[in-house]
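Since the structure comes first, as structure tokens, the remarks are kept for the end.
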Ligand code: DOR
């Protein structure tokens, strides 16, 4: 009786779950694992023009309430993911291709090639990697973000989306949404990327826990749930013509339910997928179904975006 189906950019999906970019999606083996999972959609690792090995290890650490990472965009280069997308059975799952060019020109070059693909995935432009030393997050520079979106919009004639960093001030929600709303073809917004440049210190060793950037890295997992929900809801309210993909702090059906309630159309799982593997999707779907049934909701549309205020 409980129906988990949803629509994303007009495409019907069996359920709203997918991976967060970066987790289980760097190699074709990992991507095939996702393709066989219960998630109805999946996204590739954010890629660059050329392959990258990323930052020195250790560059990921599991924490009591989540994770810290400074991977530094290790990836196989965009052509690898484009080839995967060309071979992919798009009837089976919705596939997103995430790009994170190191320069504006790199993004434009990748987009020009992706545009020519016969069987393209949905393009997501990552404006928010916090972990490449010396490269600030584009999403925190509204002028640079506008310039990039202008180029992407011109170069890529199809609907596309962006992955945003978390914002923490109402004026920044307003300013970012104002830029995004200038681009009607920008059809979806994924929020949030990791909360950048946290510092985790082990009191026993008196040391940081990851090597790159003297220990500074992006936080994920339970630490970031309220920030993720705030960003999902802020952009859901401000960008009525766009769909929102929620990411951050989803460990169980409860957090997936909260993201949907805040307005997300799809919900990503990152840290919990890393910790638990793709069986996490079956568990979270079962828990979400149970929550909906206990509340008498027979469809996601019955509650999606219907967050109450006091
Ligand atoms: O937390 C993140 N880590 N966000 C990104 O966008 C990229 C990734 C990495 O490779 O460092």
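Just so it is clear, none of the values below were taken in a lab; they were calculated from the coordinates. Bear in mind the structure is a predicted one, so any value in this text is a computation, not a measurement. Virtual Cβ from ideal backbone geometry, glycine too; neighbours counted across all protein chains shown.
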### Summary
Between the modelled labels at residue 199 and residue 89 (7 Å from Cα along Cα→Cβ) the distance in nm is 5.0 nm
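Suppose we keep just the DSSP beta bridges with both residues in region 155-310; what percent of those would be antiparallel, to 5?
On the way: 5 of 16 bridges.
Among the beta bridges of region 155-310, antiparallel pairing accounts for roughly 30 percent.
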### Message
Using helices alone, I'd like the mean residue ellipticity at 222 nm for the chain: each DSSP H run of four-plus residues gives -39500 (n - 2.57), total over residue count, nearest 500.
### Response
-10000 deg cm²/dmol
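Which order do 172, 90, 259 fall in if you start with the one that has the fewest other Cβ atoms within 10 Å?
Values: 172 17, 90 13, 259 27.
So the residues, fewest neighbours to most, are 90, 172, 259.
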## Note on the structure
Among region 83-103, those whose backbone N falls under 13 Å of a label point 7 Å along Cα→Cβ from residue 29 are none
#### Entry: Choice from 174, 204, 106 with maximal GNM fluctuation in the chain (Cα, 10 Å cutoff)
204
### Message
Connecting C-alpha atoms closer than 10 Å in a GNM of the chain, tell me which of 206, 116, 275 has the biggest fluctuation.
### Response
206
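Find how much the distance from residue 294 to residue 207 grows on full extension, using 0.36 nm per residue of separation minus their present alpha carbon separation; answer in nm with one decimal.
On the way: separation 87, 0.36 × 87 = 31.32 nm, distance 4.59 nm.
Between residue 294 and residue 207, full extension yields an extra 26.7 nm.
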#### Entry: Net lengthening on full extension, residue 104/residue 79 (0.36 nm per residue, minus Cα-Cα)
7.2 nm
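Pulled fully out, how much extra length does the chain show between residue 303 and residue 50, if you take 0.36 nm times their separation in residues and subtract their Cα-Cα distance?
Details: separation 253, 0.36 × 253 = 91.08 nm, distance 4.29 nm.
Taking residue 303 through residue 50 to full extension adds about 86.8 nm, to one decimal.
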### Query
Given the C-alpha centroids of region 180-202 and region 111-168, what is the distance between them in whole angstrom?
11 Å
### Query
Looking at the square roots a ≥ b ≥ c of the eigenvalues of the Cα gyration tensor of region 47-101, which shape do they give, rounded for a/c under 1.5, prolate if a/b is larger than b/c, or oblate?
oblate
#### Entry: Distance from region 4-71 to region 253-310 (C-alpha centre basis), Å
18 Å
### Query
Who wins for biggest fluctuation among 153, 75, 131 in a Gaussian network model of the chain, springs between alpha carbons below 10 Å?
153
### Task
Mind running the shape call on region 1-139? Use the C-alpha gyration tensor, a ≥ b ≥ c as the square roots of the eigenvalues: rounded below 1.5 for a/c, prolate if a/b tops b/c, oblate otherwise.
oblate
### Message
Can you classify region 212-309 as rounded, prolate or oblate using the Cα gyration tensor, where a ≥ b ≥ c are the square roots of its eigenvalues, rounded means a/c under 1.5, and otherwise it's prolate if a/b beats b/c and oblate if not?
### Response
oblate
### Message
Of all beta bridges DSSP finds with both residues in region 142-224, what is the antiparallel percent, to the nearest 5?
### Response
55 percent
